[in-house]
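The values are calculated or read from the model by the stated rules, or taken from the named source; none is laboratory data. The structure displayed is predicted, hence computed values, not measured ones. Ideal geometry is used to build each Cβ from the backbone, glycine not excepted, and the neighbour counts take in all protein chains shown. Calculation scope for accessible area: heavy atoms of the full protein, side chains included, ligands and nucleic acids excluded. Shrake-Rupley method; radii C 1.70, N 1.55, O 1.52, S 1.80 Å.
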Amino acid sequence: MRGYLVRADAHTRAVEQIRLGDHAFAHYTDDDVRWEVPAAFAYRGLARGEKVMMLMDPACSADDAFERLAANDGGADDARARGQLVFSSMRELIRPDKSFTVPRQISRLREETERACRQGFAGLRTVIDMAWVQDLGADMDDVMRREKHANALFGGRRYAEICTYDRRCFDPAVVEEMRLSHPVALLERPGDLQAHHAPGELHLIGDADMVTGDIFRAAVRLAFDAPRDGQALVDLTRLCFLSAGCAGDLLRLIGQASACDKVVVRCRPPQTLILRRLRVMWTDRLELAETGDDR
């Protein structure tokens, strides 16, 4: 299973953009990579004053999970000591029940969210490694039903959750259905860049920098090769980082886009600032469309 690609689409985001109220699908095929998205998710939550609960692979002890998580960043010791960072398991969460049921799990997560708020935290973030499914022998239909119908947990924007799937352990059809069923699907790693193309539109997700520059330029060229009615949209709002170099490449390619009469670049304020600093490279076919910076 290691070789198949999890594609990007309209609901793909980078983990850095996850907020309370989000329910996200994550995936991995590497035992080192598996910690990168949970670490980024956890540390952003800690920085925002949220409690973080890690329901990790039952084969991994709490201390081992802590060491792997802490290796991706600093400051975890204090957070764990003051109860802001907690390591647990699905078995512990649903105790004293021994078998998984959807109502029991959702009820317990509500309780933990209420507890986090009573403790003075802004809300609760949970990482759930779906290895627990095999550990508890859960029925996959029940698990999939829960993943598709857990909206009530997120309505108050006090709870966020990422469910991480090891693609080596689940059938590709299950992984794809889970990806589609979650409101948000995450890039495999922080720092990745993926492109989602729609007719006349290019949506870029992740980091556009020196490492991912080739992917960035190829995606932009493809979007400009066949614009819709002579117009193209480049959406930067799902980028976490846009380097000055990639911004310059974008403007240069817009200048060379002879098939386009107009290119609309949708961007957030930080990206607008970078592009305005390169105003000398603008052409008449460029139009900026700035959106609110809510991520």
Using only alpha carbon pairs under 8 Å that are at least six residues apart, calculate the relative contact order of the chain and give it in whole percent. 22
Quick one: among Leu250, Leu273, Leu69, which has the greatest mean-square fluctuation in a GNM of the chain with alpha-carbon springs under 10 angstrom? Leu273
Please list 3J(HN,Hα) in residue order for segment 279-291, calculated via the Karplus relation 6.51 cos²θ - 1.76 cosθ + 1.60 where θ = phi - 60°; whole Hz, with x for glycine and proline. 4, 4, 8, 5, 10, 5, 7, 8, 10, 8, 10, 7, 10
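Using helices alone, I'd like the mean residue ellipticity at 222 nm for the chain: each DSSP H run of four-plus residues gives -39500 (n - 2.57), total over residue count, nearest 500. If you can, show how the numbers build up before the last one.
Working: 11 runs with 108 residues, N = 295.
The helix contribution divided over the chain gives -10500 deg cm²/dmol.
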Given charges at Cβ of Lys, Arg, Asp, Glu: segment 17-67 dipole, positive-most of Met53, Phe41, Gly21: Gly21
Name the residues whose placed amide hydrogens come within less than 5 Å of the amide hydrogen of Thr164, ignoring near sequence neighbours (fewer than 5 apart) on the same chain. Ala26, Ile128, Asp129, Met130
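Out of segment 107-177, which trypsin sites (Lys or Arg not before Pro) are coil in DSSP terms and have no more than 15 other C-beta atoms within 10 Å? All intermediate terms of the calculation are to be shown ahead of the outcome.
Working: sites: Arg108, Arg110, Arg115, Arg118, Arg125, Arg145, Arg146, Lys148, Arg157, Arg158, Arg167, Arg168; in loops: Arg157, Arg158, Arg167, Arg168.
When the trypsin sites (Lys or Arg not before Pro) of segment 107-177 are filtered for loop state and at most 15 Cβ neighbours within 10 Å, Arg157, Arg168 remain.
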Using the Karplus equation 6.51 cos²θ - 1.76 cosθ + 1.60 (θ = phi - 60°), what ³J(HN,Hα) coupling, rounded to whole Hz, does each residue of segment 123-131 give in order, writing x for Gly and Pro? x, 10, 10, 10, 9, 10, 7, 6, 4
Which ³J(HN,Hα) values, rounded to whole Hz and listed in residue order, are derived for segment 244-257 from phi using the Karplus coefficients 6.51, -1.76 and 1.60 in 6.51 cos²θ - 1.76 cosθ + 1.60 with θ = phi - 60°, glycine and proline given as x? 4, x, 5, 4, x, 4, 4, 5, 5, 5, 4, x, 8, 7
Check Ser61: other-chain or 5+ apart residues with amide H under 5 Å from its amide H, H built from backbone geometry? none
Which whole-number value in Å² is the accessible area per residue of segment 91-164, probe 1.4 Å? 48
Any idea what the relative contact order of segment 151-277 is, in percent, if you count C-alpha pairs under 8 Å spaced at least 6 apart? 20
What are the lysines whose alpha-carbon lies under 26 Å from the alpha-carbon of Lys98, with same-chain residues fewer than 8 places away excluded? Lys51, Lys148
Amide N of segment 19-54 lying under 11 Å from the label point, which is placed 7 angstrom from the Cα of Phe241 along Cα→Cβ: none
Under the rule of at least 5 residues apart or a separate chain, name every residue whose amide H is placed under 5 Å from the amide H of Leu239. Gly206
Starting from the 7 Å offset along Cα-to-Cβ, what nm value, one decimal, do you get for the label separation of Ala173 and Met140? 0.8
In whole percent, the Cα-Cα distances of the chain spread across 10 Å bins from 0 upward as 6, 26, 31, 21, 12, 4, 0
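Can you pull the percent of segment 228-295's accessible area that's carbon plus sulfur, 1.4 Å probe, other chains left in place? Write out the running numbers ahead of the final one.
Numbers: 1630 of 3470 Å².
Answer for segment 228-295 is 47 percent, counting heavy atoms of protein chains only.
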Nearest 0.05, what FRET efficiency do Glu114 and His149 give at R0 = 22 Å with Cβ-Cβ as r? 0.60
